[in-house]
1. Counting only C-alpha contacts under 8 Å and six or more residues apart, can you give the relative contact order of region 31-101 as a whole percent?
2. Please work out the average accessible area per residue across region 7-52, using the 1.4 Å probe convention, and give it in Å².
3. Let me have the relative contact order for the chain, percent, based on Cα pairs under 8 Å that are six or more residues apart.
4. What are the ³J(HN,Hα) couplings of region 104-111, residue after residue, when phi is run through the Karplus curve with 6.51, -1.76, 1.60 and θ = phi - 60°? Round to Hz, x for glycine and proline.
5. If you count only protein heavy atoms and use a 1.4 Å probe, how large is the accessible surface of Lys111, to the nearest 10 Å²?
6. Arg162's amide H: which non-local residues (gap 5+, or another chain) put their own amide H closer than 5 Å, with H modeled 1.01 Å from N in plane and none for Pro or chain starts?
7. Given H placed on each backbone N at 1.01 Å, which residues far from Gln17 in sequence or on other chains put an amide H within less than 5 Å of it?
8. When 1/r is averaged over all different Cα pairs and the result inverted, which Kirkwood radius in Å belongs to region 70-155?
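The values are calculated or read from the model by the stated rules, or taken from the named source; none is laboratory data. No experiment lies behind these values; they were computed from the predicted model shown. Here Cβ is always computed from backbone atoms with ideal geometry, including for glycine, and neighbour counts include all displayed protein chains. Ligands, DNA and RNA are excluded from the accessible area calculation, which covers all protein heavy atoms including side chains. Shrake-Rupley method; radii C 1.70, N 1.55, O 1.52, S 1.80 Å.
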Amino acid sequence: MSHQHFILHKPHGYLSQFIYELKRKKKLLGELYPFPEGTMAIGRLDEDSEGLLLLTTDGRVSEHVRSKTVEKEYYAQVDGVITQEAVDQLQNGVEIGINGTKYLTRNCNSKLITSLPDYIGSGKRIRDKRHGPTSWVSITVVEGKFRQVRKMTAAVGFPTLRLVRVRVGKMHLEGISVGAVQEVQEIVL
């Protein structure tokens with residue numbers, strides 16, 4: 001059986017799923033592109049998050065990408081001017097809550113971002129400068145707990161205002177406009 005693979009620049013406001021059975025109307029991935037039956041999102045980006053989303057019809061590829069061997073890089077716009085001390089704390093793991101249980105995140109790569117690439121796009125307007133400064137940090141993890149990156153930045157005192165996944169393995173967001181879908185021959189990790 002031949003499988004199909006896609007990369008998508010998920011816009012803010014969309015759920016990373018194809019079916020939503022609750023009463024409230026939600027924007028779903030199927031509204032962006034006529035994906036073939038059996039297509040699944042690999043990992044998820046919550047409704048308020050944006051960026052690179054991989055999709056496939058191959059469950060084995062999905063399982064491998066979600067494993068703790070594949071890096072996922074995020075750019076997080078945080079409330080305030082993040083300090084190097086906070087970035088170092090992120091790198092060394094921070095305690096977050098997962099389902100009511102304390103969890104220490106694995107070591108990760110994190111760094112300050114002083115200049116954003118154009119492919120990030122403007123995203124949803126977060127707020128204006130009257131409400132105080134914001135800054136950006138890159139966080140690269142190999143795990144994917146529920147809302148992990150948001151919880152990590154909050155744990156070091158800088159809540160996330162905007163979150164964009166820019167890379168999964170060797171697959172990168174660069175060159176894909178917001179809302180665009182590209183079919184690819186394979187998922188390169």
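1. Numbers: 31 pairs, mean separation 15.2, N = 71.
Computed value for region 31-101: 21 percent relative contact order.
2. Numbers: 2590 Å² over 46 residues.
Counting only protein heavy atoms, the per-residue value for region 7-52 is 56 Å².
3. Numbers: 385 pairs, mean separation 61.5, N = 189.
This gives 33 percent for the chain.
4. With coefficients 6.51, -1.76 and 1.60, one gets 9, 5, 5, 4, 9, 9, 9, 7 Hz.
5. 120 Å²
6. Result for Arg162 returns Gln77.
7. Distant-sequence amide H within range of Gln17: Leu29.
8. Numbers: mean 1/r = 0.0725 Å⁻¹.
Result for region 70-155 stands at 13.8 Å.
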